[in-house]
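The values are calculated or read from the model by the stated rules, or taken from the named source; none is laboratory data. Treat the numbers as computed from the prediction; the structure is a model and nothing was measured. Every residue, glycine as well, gets a Cβ built from its backbone with ideal geometry; the counts of neighbours run over all protein chains shown. Each accessible area value is taken on the protein alone, full model and side chains, heavy atoms only, with ligands, DNA and RNA left out. Shrake-Rupley method; radii C 1.70, N 1.55, O 1.52, S 1.80 Å.
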Amino acid sequence: MPQAVATVAEHARDGAEVPGDSESLGSSTASGTTGSDFAPLLRAVKGQGLLERRTGWYAAGIAVNFLALGAVITGLVLLGNTWWSLLLALPLALVWARMAFVGHDAGHSQISGNRRTSRNIGLVHSNLLLGMNEAWWNDKHNRHHANPNHIDKDPDVGVGALVWTQKQAAQREGFARWLTRNQARLFFPMLLLEGIALKVSGFQFLRSQPMRERMVSGPLMVSHLALYATLLLTTMSLGKAVVFALVHHALFGLHLGMAFAPNHKGMEMPDPDGERWGHLQRQVLTSRNVRGSALNDWFLGGLNYQIEHHLFPSMPRPHLRLAQPLVKAHCEAIGMPYAETGLIESYRQALTHMHEVGEPLR
């Protein structure tokens, strides 16, 4: 791997071209070099076999997730109608987050190159196990990947409960204006609602799906609700079941939000009226990495390697950390900033950006 790092840096300094290697993915960067600055990096990554699937790794991970899910369900059954069951809301939220990460990877074809297989994995993990709509998520997430942090094209920085530019903030009125003034301090509390919001958005998206897809997505999501309600109502009283569901979904939403928050908030936002960025510039400058560790890799589902993930969306999760030295060397060689920080600092930067967006309203 050190030799590969040296090689990609040398190619980058020499302006090496790789004919036919996804030339359209990147034609220019902030450094002003001509041709594709992404091509030599792509060649190095392919040469290391980092785009090859890791089916066995994913199969083992999915099996562990199902065993953990079975253990939590068994615990709920054995504990029965007691408030002690609330203690299992946290491990269930952690298991659900692992399921969500698998669904995310399936949507990017990281697990399998077969489109049907990938969709089936996504349907099981998202629609059936989580009650989310994989079609809604993939539609939204693919648009985000195509133009991260682009105010007109990335749905993740569109106007919603939160806003991401002072221009958006200036148009807020009433309660939304108060929310924007305080959005930095309200961000983490609002994540407690994200688990429920994901389900609601998925059901709303059903109306825009073709009937054939709707007849697959909808029944699976309804089945999830039925199975979830049956599990809780057969193991505890109605009151305890409602409290458990609320706590569980709050922890699940918080966990997912904490995994996604560090990735782009507070990073560069392309000027919609400015020069169109190439693939390398568009993905690197808008993304932030969180310094890796075994715990961070697990907690953030590999999304702590956000730059590598955005450059190579189909790269299997365990290969992202292996690609990082290649990407860092390449960015250094062409003079492109590469943002990497600790987990706590990443939250501080994201919250600082949200605070600054709401500053004119205070």
Report task. Examine the stretch 140-149 for a residue that is on the phi > 0 side of the Ramachandran plot, surrounded by 14 or more Cβ atoms within 10 Å (Cβ to Cβ) and under 25 Å from the mean Cα position of the chain (by Cα), and state whether such a residue exists. Result -> yes
Report summary line: Being open to solvent by 30 Å² or more (accessible area, probe 1.4 Å) and under 18 Å from ARG54 (Cβ atoms) narrows PRO325, PRO313, PRO337, PRO318 down to just PRO313
**Report entry** Selection status of THR29, surrounded by 12 or more Cβ atoms within 10 Å (Cβ to Cβ) and at pLDDT below 50
**Finding:** yes
Query raised in the report: Could you say which residue among LEU88, LEU128, LEU78 is more than 19 Å from the chain's Cα centre (by Cα), within 18 Å of MET221 (Cα to Cα) and either without any contact (Cβ under 8 Å) to a residue 24 or more places away in the chain or surrounded by 16 or more Cβ atoms within 10 Å (Cβ to Cβ) (or both)?
Result: LEU128
**Report entry** Pair list, Cβ under 6 Å, 6 or more apart: the stretch 34-53 residue closer than 20 Å to MET336 by Cβ, other residue open to solvent by 70 Å² or more (accessible area, probe 1.4 Å) and of a type outside the set (Ser, Thr, Tyr)
**Finding:** GLY35/GLU17; SER36/GLU23; ALA39/GLU17
**Report entry** Checklist (1) at pLDDT 95 or above; (2) open to solvent by 30 Å² or more (accessible area, probe 1.4 Å) applied to GLY113, failing item
**Finding:** (1)
Report task. Determine which member of the set ARG317, ARG362 is within 15 Å of the chain's Cα centre (by Cα) and either modelled with pLDDT of 95 or more or over 20 Å from ASP154 (Cα atoms) (or both). Result -> ARG317
Report summary line: Of the residues in the stretch 272-298 that are of a type in the set (Lys, Arg) and open to solvent by 10 Å² or more (accessible area, probe 1.4 Å), the one that is farthest from LYS46 (Cα to Cα) is ARG276
Report task. Could you run through the stretch 253-290 and say how many residues are closer than 25 Å to GLU356 by Cα, among the charged types (D, E, K, R) and either assigned to a loop (DSSP other than H, G, I, E, B) or in contact with a Ser or Thr (Cβ under 6 Å, 6 or more places away or on another chain) (or both)? Result -> 5
Query raised in the report: Is one or more of the residues making up the stretch 317-327 in contact with a Lys or Arg (Cβ under 8 Å, 6 or more places away or on another chain), part of a helix (DSSP H, G or I) and small (Gly, Ala, Ser)?
Result: no
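Listed here are the residues, each with its yes/no results for (1) among the aliphatic types (A, V, I, L, M); (2) in contact with a helix residue (DSSP H, G or I) (Cβ under 8 Å, 6 or more places away or on another chain); (3) surrounded by fewer than 22 Cβ atoms within 10 Å (Cβ to Cβ).
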site: PRO270; (1), (2), (3): no, yes, yes
site: LEU300; (1), (2), (3): yes, yes, no
site: GLN306; (1), (2), (3): no, no, no
site: HIS309; (1), (2), (3): no, yes, no
Report summary line: Among the residues of the stretch 282-316, the number that are of a type in the set (S, T, N, Q) and in contact with a Lys or Arg (Cβ under 7 Å, 6 or more places away or on another chain) is 1
Report summary line: Those residues of the stretch 279-311 which are hydrophobic (A, V, I, L, M, F, W, C) and in contact (Cβ under 8 Å) with a residue 24 or more places away in the chain amount to LEU280, VAL284, LEU285, VAL290, PHE299, LEU300, LEU303, ILE307, LEU311
Query raised in the report: For the stretch 291-303, what are the residues that are within 15 Å of the chain's Cα centre (by Cα), part of a helix (DSSP H, G or I) and not polar (S, T, N, Q)?
Result: ASP297, TRP298, PHE299
Query raised in the report: With respect to TRP136, is the statement that it is open to solvent by less than 40 Å² (accessible area, probe 1.4 Å) and in a loop (DSSP other than H, G, I, E, B) true?
Result: no
Query raised in the report: Counting only residues that are more than 28 Å from VAL95 (Cβ to Cβ) and of a type in the set (S, T, N, Q), which one in the stretch 165-222 is most open to solvent (accessible area, probe 1.4 Å)?
Result: GLN171
